[in-house]
Amino acid sequence: MKRRDFFNWVGLGLLASSLPVAIAACSSDTTTEASSTKPKNWQKVGTKAGLDKTGQLLVEKSPVGPVLLVGTSKTKNLIAVDPTCTHKGCTLAWKAKEKKLVCPCHGAEFGGDGKVLKGPAQEPLKTYTAKIEGNSVLVKPI
Ligand code: FES
């Protein structure tokens with residue numbers, strides 16, 4: 001084998017071995033696809049008794065994603081939001097006296113409707129419609 005042929009074979013081998021990596025790098029983002037497969041209909045996230053016990057219910061892994069419900073079975077309009085701070089992803093805490101969600105990491109504040117009250121967060125929270133049916137607490141993405 002001539003020296004030139006040898007280098008052509010090596011070059012072709014390198015190209016062939018790097019092709020799967022290049023194809024994988026160009027494929028679409030799987031996290032985007034996973035979030036788009038979340039259910040859009042009513043999903044059970046807890047029980048009426050669980051909500052009434054403390055006046056709030058935090059479900060970090062529900063079928064629709066993280067959910068924080070605030071209220072009781074007697075509350076007319078339950079607050080239901082994704083409690084993941086839109087700044088850097090910390091989990092928000094409900095401050096009942098101030099009636100707002102506060103981020104423990106950098107101090108962002110959100111209203112019960114998910115709107116930003118104070119930065120550094122810029123984007124509102126994802127919200128849900130919530131209802132109680134029998135002993136189940138249900139939410140649906142808005
Ligand atoms: S992560 Fe919430 S304000 Fe930074």
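Considering E60, E98, which residue is assigned by TED's automatic domain parsing to the domain that holds I132, assigned to a strand (DSSP E or B) and more than 13 Å from the ligand (Cβ to nearest atom)?
Values: E98 fails: assigned to a strand (DSSP E or B).
It is E60.
Selection of region 38-57 for residues being over 17 Å from N77 (Cα atoms) and part of a loop (DSSP other than H, G, I, E, B) yields K38, P39, K40, N41.
The sole residue among L78, L68, L58 that is open to solvent by less than 70 Å² (accessible area, probe 1.4 Å), at pLDDT 95 or above and of a type outside the set (D, E) is L68.
The single condition among (1) away from the ligand (no atom under 16 Å from the Cβ); (2) in a strand (DSSP E or B); (3) under 15 Å from the mean Cα position of the chain (by Cα) that P66 does not satisfy is (1). Can you find a residue in region 17-31 that is over 25 Å from Q122 (Cβ atoms), outside the structural domain of G134 (by TED's automatic domain parsing) and either at pLDDT 90 or above or open to solvent by less than 60 Å² (accessible area, probe 1.4 Å) (or both)? Among the residues of region 17-31, at least one is over 25 Å from Q122 (Cβ atoms), outside the structural domain of G134 (by TED's automatic domain parsing) and either at pLDDT 90 or above or open to solvent by less than 60 Å² (accessible area, probe 1.4 Å) (or both), which makes the answer yes.
If only residues of region 101-130 that are under 19 Å from T54 (Cβ atoms) and away from the ligand (no atom under 12 Å from the Cβ) are counted, the one that is surrounded by the most Cβ atoms within 10 Å (Cβ to Cβ) is Y128.
The values are calculated or read from the model by the stated rules, or taken from the named source; none is laboratory data. Everything quoted here is computed from the prediction, not taken from an experiment. Neighbour counts are summed over all protein chains in view; Cβ atoms, including those assigned to glycine, are modelled from backbone coordinates with ideal geometry. Ligands, DNA and RNA are excluded from the accessible area calculation, which covers all protein heavy atoms including side chains. Shrake-Rupley method; radii C 1.70, N 1.55, O 1.52, S 1.80 Å.
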